[in-house]
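Trainee: Just passing along the structure, written as structure tokens.
The values are calculated or read from the model by the stated rules, or taken from the named source; none is laboratory data. It should be emphasised that the depicted structure is a prediction, and the values quoted were computed from it without experimental measurement. Note: ideal-geometry Cβ built from the backbone for every residue, glycine included; neighbour counts use all protein chains shown. Just so you know, the surface numbers come from the protein's heavy atoms only, side chains and all, with ligands and any DNA or RNA stripped out. Shrake-Rupley method; radii C 1.70, N 1.55, O 1.52, S 1.80 Å.
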Amino acid sequence: MTNEDGRPNVVLVVAHPDHDSTTWAIARAVEQGIQADGNTTATTHDLTTSGFDPVFGEQDLAVHRLRNGVPADVRREQELLDSAAEIAVLFPVYWWSMPALAKGWIDRVFARGWAYDTSSESGRSAVKALHFIAVAGLDEGTYDRRRYKEAMTTQMVHGIAGYCGIAESSIAFLYGTETDDSQAHKQLIDQAYRIGADLAQRAQSAVDQEAA
């Protein structure tokens with residue numbers, strides 16, 4: 001939950017191939033918000049450049065069936081997340097969900113026996129807090145009318161985090177990101193910064209509670 005200096009750590013997982021994109025501008029603002037208090041650290045994990053294979057294969061199926069240990073690449077991802085007081089997954093919305101890279105990362109990394117345990121009534125998860133940050137090209141009204149926000153919340157907060165028994169989870173939407181309006185862009189960056197600052201507060205609180 002902390003870095004080598006004992007400070008709270010937030011792992012920010014980003015799934016977008018273009019570092020000049022609005023998604024990455026938002027990710028950098030979230031990172032700045034996390035670090036603004038001078039006490040919390042941000043570890044940004046770029047799924048595209050990491051080379052992580054998101055395809056759920058035979059080895060992963062064996063893990064799910066409790067017949068084998070996790071592959072080395074999955075274990076490295078889990079060890080990274082073990083260092084986090086808070087985890088945030090940031091992604092552009094593709095077809096009213098997350099990109100295949102992000103979903104495949106969850107498919108493989110949030111494995112049975114680590115992220116959740118269906119053989120135990122406690123349902124304990126190694127993940128204490130999981131947050132989703134959705135970068136949405138369209139406006140909020142479209143998401144409300146079509147109930148896309150409700151559907152994505154059900155899928156991610158309830159379907160993933162809730163199923164795993166993760167104690168704390170949320171989803172934040174940044175709407176209208178496909179804009180050339182500089183003022184609207186600034187507002188998105190400000191919103192992203194506040195999301196990062198909130199993650200830092202949550203991380204500090206989690207560390208304080210664990211130490212109490």
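Trainee: Rounded, prolate or oblate: which fits region 159-212 when a ≥ b ≥ c are the square roots of the eigenvalues of the alpha-carbon gyration tensor, with rounded for a/c under 1.5 and prolate only if a/b beats b/c?
Mentor: On the way: a/c = 7.33, a/b = 1.79, b/c = 4.09.
Taking the square roots of the gyration eigenvalues as a ≥ b ≥ c, region 159-212 is oblate.
Trainee: If the cut-off is a Cα-Cα distance under 20 Å, which lysines reach Lys128, setting aside same-chain residues fewer than 8 apart in sequence?
Mentor: Output for Lys128: Lys103.
Trainee: Just want the answer: with Cβ charges of +1 for Lys and Arg and -1 for Asp and Glu, which residue in Ile133, Ser182, Ala62 is farthest toward the dipole's positive end in the chain?
Mentor: Positive-end residue among those listed: Ala62.
Trainee: With charges only on Cβ, +1 for K and R and -1 for D and E, what is the dipole size of region 136-212 about its Cα centre, in debye, rounded to 20? The partial results should precede the final answer.
Mentor: On the way: 7 positive and 12 negative charges, 43 e Å.
With only Lys, Arg, Asp and Glu charged at Cβ, the dipole is about 200 debye.
Trainee: Still on this structure, I have one more. Can you pull the percent of the chain's accessible area that's carbon plus sulfur, 1.4 Å probe, other chains left in place?
Mentor: On the way: 4970 of 10720 Å².
Looking at the chain in its full context, I get 46 percent from C and S.
Trainee: Treat every Asp and Glu Cβ in the chain as -1 and every Lys and Arg Cβ as +1, leave all other atoms uncharged, and give the resulting dipole magnitude about the Cα centre to the nearest 20 debye.
Mentor: Values: 18 positive and 30 negative charges, 119 e Å.
For this selection, approximately 580 debye.
Trainee: How big is the gap, in Å, between the Cα center of region 89-155 and the Cα center of region 2-64?
Mentor: 15
Trainee: May I pose another question? Quick check on region 89-212: of the DSSP beta bridges with both residues there, what percent are antiparallel, nearest 5%?
Mentor: In region 89-212, approximately 10 percent of DSSP beta bridges are antiparallel ones.
Trainee: Can you give the % of DSSP beta bridges in the chain that are antiparallel, to the nearest 5? Present the calculation step by step, with values, prior to reporting the outcome.
Mentor: On the way: 2 of 27 bridges.
Here the antiparallel bridges make up roughly 5 percent for the chain.
Trainee: With charges set only on the Cβ (+1 for Lys and Arg, -1 for Asp and Glu), what does the dipole of region 62-151 come to about its Cα centre, in debye to the nearest 20?
Mentor: Approximately 320 debye in magnitude.
Trainee: Let me ask something additional. Could you pull out every one of the lysines with an alpha carbon less than 24 Å from that of Lys186, ignoring same-chain neighbours closer than 8 positions?
Mentor: Within the straight-line limit of under 24 Å, Lys186 reaches these lysines: Lys149.
Trainee: Here is a further query. Classify region 1-52 as rounded, prolate or oblate, taking a ≥ b ≥ c as the square roots of the eigenvalues of its Cα gyration tensor: rounded when a/c is under 1.5, otherwise prolate if a/b is larger than b/c and oblate if not. Please list the in-between numbers first.
Mentor: Working: a/c = 3.93, a/b = 1.58, b/c = 2.49.
Cα axes put region 1-52 in the oblate bin.
Trainee: When a/c is below 1.5 the answer is rounded, else prolate if a/b is larger than b/c, else oblate, so apply that to region 34-115 with a ≥ b ≥ c taken from the square roots of the Cα gyration tensor eigenvalues.
Mentor: Here region 34-115 falls in the oblate category.
Trainee: Here is a further query. Find the accessible area per residue for region 56-101; the probe is 1.4 Å, ligands and nucleic acids are left out, and the unit is Å². Write out the running numbers ahead of the final one.
Mentor: Values: 2450 Å² over 46 residues.
On a per-residue basis, region 56-101 sits at 53 Å².
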